[in-house]
């Protein structure tokens, strides 16, 4: 999956990131952050594309639920329980929920639908949706970038350590070979140099 997203982002860049976040979630943004850490994408442009895609995507879902509620309820009937739960949560604290729903796994896909079905004003949703999309794009964009930098540093350290180990092993082999040669030379010379030795009885 990550290889497919990697290829998609390298081929289509920020447009792929915009469409990916418009339709789905943070996976493609994390991959974009990793690519940005390697210089393949500009991190700030990637975050901007993800912000726009995520915000417009949820805004469209909200408006669709607001003006085509019957169709939405039929289309997403398998989410009835989740939508009902989201509606109850919106009644308790709509502000924090609308800003943070992207970070709630399991409910994030239905909050925009529930908000559209509720009495949340359009301007309020647009404002909180924008704030939430910005925080989400920054978090996962920089998160992917940080992971990419750490991984690259780990690989560099691993390569450096590997070289050091190979050099150390080579030095050990040479020293051991010298030691064996010196020992063999001493063993061969030992019988002729023993003190007090005579050939007669």
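Quick one: which of 67-77, 135-145 comes out on top by average Cβ neighbours within 10 Å, and what's the full order, highest first?
Numbers: 67-77: 12.2, 135-145: 20.0.
Top to bottom by mean Cβ count within 10 Å: 135-145, 67-77.
Rounded to the nearest 0.05, what FRET efficiency do residue 27 and residue 131 give with R0 = 25 Å and r taken as the Cβ-Cβ distance? Could you check?
Numbers: r = 22 Å, r/R0 = 0.89.
Efficiency for this residue pair is about 0.65.
Determine the shape class of the stretch 2-154: with a ≥ b ≥ c the square roots of the Cα gyration tensor eigenvalues, call it rounded for a/c under 1.5, and otherwise prolate if a/b is greater than b/c, oblate otherwise.
Working: a/c = 2.34, a/b = 2.06, b/c = 1.14.
It is prolate, given that a/c is not under 1.5 and a/b is the larger ratio.
Based on the Cβ-Cβ distance of residue 178 and residue 150, what FRET efficiency does E = 1/(1 + (r/R0)^6) give at R0 = 45 Å, to the nearest 0.05?
Details: r = 42 Å, r/R0 = 0.93.
Rounded to the nearest 0.05, the efficiency is 0.60.
Sorted by average packing, counted as other Cβ atoms within 10 angstrom per residue and highest first, what order do 119-132, 100-113 take? Display every interim value, and only then the final one.
On the way: 119-132: 15.9, 100-113: 18.9.
Final packing ranking: 100-113, 119-132.
In whole Å, how far is the Cα centre of the stretch 105-131 from that of the stretch 38-99?
That distance is 6 Å.
Tell me, in nm to one decimal, what length is gained between residue 122 and residue 42 on full extension, where the rule is 0.36 nm per residue of separation less the Cα-Cα distance? Write down the numbers at each step before the final one.
Working: separation 80, 0.36 × 80 = 28.80 nm, distance 3.27 nm.
Length difference between fully extended and current span is 25.5 nm.
Once you have a ≥ b ≥ c as the square roots of the Cα gyration tensor eigenvalues for the stretch 38-78, tell me rounded if a/c is under 1.5, and otherwise prolate or oblate according to whether a/b is larger than b/c. Could the numbers behind the result be given before it?
On the way: a/c = 7.49, a/b = 3.10, b/c = 2.42.
Cα axes put the stretch 38-78 in the prolate bin.
Enumerate the residues in the stretch 34-77 having an amide nitrogen under 11 Å from the point lying 7 Å beyond the Cα of residue 93 toward its Cβ.
Correct set: none at all.
None of the figures in this text is laboratory data; all of them are computed from the coordinates on show. Here the structure is a predicted model, which means the values were calculated and not measured. Cβ sites come from the backbone with ideal geometry, for glycine too, and all protein chains shown count toward neighbours.
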